[in-house]
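To start, the structure itself, in structure tokens.
The values are calculated or read from the model by the stated rules, or taken from the named source; none is laboratory data. All figures in this text were calculated on a predicted structure; none of them were measured in a lab. Ideal geometry is used to build each Cβ from the backbone, glycine not excepted, and the neighbour counts take in all protein chains shown. When the accessible area is computed, the model is the full protein with side chains, heavy atoms only, and any ligands, DNA or RNA have been set aside. Shrake-Rupley method; radii C 1.70, N 1.55, O 1.52, S 1.80 Å.
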Amino acid sequence: MIGKDIKKAIEILNNEQLVAIPTETVYGLGGNALSTKAVTEIFKAKNRPSFDPLIIHTDSLEKVRKYVETIPEKAMLLAREFMPGSLTLLLPKKDIIPDLVTSGSSLVAVRLPKHSMALELLSELDFPLAAPSANPFGYISPTTAQHVSNQLGKKIPYILDGGSCEVGLESTIVGFEGDEVIIFRKGGIAVERIEAVIGSVKVLTHSTSNPKAPGQLKSHYAPRTTFKIGNPTMLLDQYKRKNVGVISFTKNYEQVPSEKQIILSESGDFSEAARNLFAGMRYLDGLDLDLIIAELLPERDLGRAINDRLKRAAA
Ligand code: TXA
Ligand code: MG
């Protein structure tokens, strides 16, 4: 069921059941992070392997301190700048956080979402919400309540509808090792903005398997339709006998009917492109095409995170 009833959502969550929640990045599948029962349900509903840990969500830094041992100085600087927002920090967990949440890691991923409905909900709860993206494991993340309903509607009692996600890409995940700051997942806060606050960081590149951040699995965020990245003009020529859809940054490809074409941002705006990406991928994936062709964006700003998702979709 889809609705806007925060009280109802609280009641369900207090019962150790699941509610899909809106955030500014993507919709999350929320459950009481301190309850192994609720957390087990999350893994089950998503068909998610237990080695892939969950992010916990809360509404204030004071509450974060109840769940983590320490917050390194550079983490504090980032928190002050970007929380609430599309930033997830990996921090040493306190025992109160079940090992199931972190897949046995001593670090827990923490985020304060920048969405009024989510913050209101979180402020009323006595526990943090564990919330992975509300999609079956490996598929495209949902950016509307309807996306969640299409795939998980039968498995969860309630979907809180907070409209379309404003950012449209998952959060940027940042970890701290000694003096080094490491970006484990490029996301809604561009690397340049992080570096502007704390200096240069190490960005983990595209890897096939990375035990520290399974969200870095090479094939992820993937539509069911065959997905190829490259120069659309060349690929459209190569596959001209096929039923093809296109995702472009700014350009209209006249060879393709407009209903099979997603232009992420005609004006070349990275934020607008990010907002349109996942809904566009889902839309084309629903057309029963032979192939989806996508072009990469310039490798800067949110273009880096968008390219990361496109590459994984094609892997
Ligand atoms: O924007 C977001 O981050 C969304 C919204 C709902 O908040 N959540 C999200 O969660 O994208 P999920 O589960 O789809 O991706 C979380 C990523 C996973 O790749 C996971 O491996 C990584 O965070 N992660 C979580 N806890 C971790 C930990 N303790 N150490 C390393 N990586 C962790
Ligand atoms: Mg996910």
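Contact list please: Cβ distance under 8 Å, first residue in segment 8-30 and under 14 Å from residue 166 (Cβ atoms), second residue β-branched (Val, Ile, Thr) and open to solvent by 10 Å² or more (accessible area, probe 1.4 Å), pairs at least six apart or on different chains. Correct list of pairs: 24/167; 25/167; 27/144.
When the residues of segment 256-275 are filtered to those that are surrounded by 13 or more Cβ atoms within 10 Å (Cβ to Cβ) and among the polar types (S, T, N, Q), which remaining residue is farthest from residue 304 (Cα to Cα)? Only one residue tops the list, namely 261.
For residue 219, the conditions (1) under 17 Å from residue 295 (Cβ atoms); (2) of a type outside the set (Asp, Glu); (3) modelled with pLDDT under 95 all hold with the exception of (1).
Here's the yes/no breakdown for (1) among the aliphatic types (A, V, I, L, M); (2) part of a loop (DSSP other than H, G, I, E, B):
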position	(1), (2)
228	no, no
247	yes, no
255	no, yes
266	no, yes
274	yes, no
280	no, no
284	yes, no
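For residue 45, state whether it is modelled with pLDDT of 95 or more, more than 8 Å from ligand 1 (Cβ to nearest atom), farther than 19 Å from residue 143 by Cα and open to solvent by less than 20 Å² (accessible area, probe 1.4 Å). Considered against the rule, which asks whether it is modelled with pLDDT of 95 or more, more than 8 Å from ligand 1 (Cβ to nearest atom), farther than 19 Å from residue 143 by Cα and open to solvent by less than 20 Å² (accessible area, probe 1.4 Å), residue 45 comes out as no.
Among the numbered conditions (1) surrounded by 14 or more Cβ atoms within 10 Å (Cβ to Cβ); (2) closer than 22 Å to residue 108 by Cβ; (3) at pLDDT 95 or above, the only one that residue 202 does not meet is (1).
Considered as a group, the residues in segment 60-84 that are of a type in the set (Ser, Thr, Tyr) and open to solvent by less than 30 Å² (accessible area, probe 1.4 Å) include one that is nearest to the chain's Cα centre (by Cα), and that residue is 60.
The residues in segment 172-202 that are within 20 Å of residue 269 (Cβ to Cβ) and either in a loop (DSSP other than H, G, I, E, B) or near ligand 1 (Cβ under 9 Å from one of its atoms) (or both) can be counted, and the count is 6.
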